[in-house]
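A short worksheet on the structure shown next.
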């Protein structure tokens, strides 16, 4: 059975998925649940997710946001995390 070509809807969805690999600060805030001001503070002081700065534009790779959130995972409240 020959493989079917993707539909226009599938192509559009794939393009949107690729486009959303990078999020602006407001989108990253919504994605992580952290306030934009907190992300801004982390950019200045360190300890936050990796980011890309191009001129005045700051973007976050979703993979970096996921890794940063995952690094905060704990099994109990007595476990210590990395210092921020």
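Please count how many residues of region 21-38 are surrounded by 16 or more Cβ atoms within 10 Å (Cβ to Cβ) and more than 11 Å from the chain's Cα centre (by Cα).
Adding up the residues that qualify gives 1.
Which one is surrounded by the fewest Cβ atoms within 10 Å (Cβ to Cβ) among residues in region 59-75 that are over 11 Å from the mean Cα position of the chain (by Cα) and outside any helix (DSSP H, G or I)?
Per the criteria, the residue is 75.
Out of 48, 81, 55, 75, which single residue is under 21 Å from residue 22 (Cβ atoms) and at pLDDT below 95?
Testing whether each residue is under 21 Å from residue 22 (Cβ atoms) and at pLDDT below 95 leaves just 55.
Of everything in region 19-58, what is out of contact with any helix residue (DSSP H, G or I) (no Cβ under 8 Å at 6 or more places or on another chain), touching a residue at least 24 places away in the same chain (Cβ under 8 Å) and assigned to a loop (DSSP other than H, G, I, E, B)? Give them in sequence order.
Matches in region 19-58: 46, 47.
The values are calculated or read from the model by the stated rules, or taken from the named source; none is laboratory data. These numbers come from a predicted model, not from an experiment. Cβ coordinates were reconstructed from backbone atoms using ideal geometry, including for glycine residues, and neighbour counts include every protein chain displayed.
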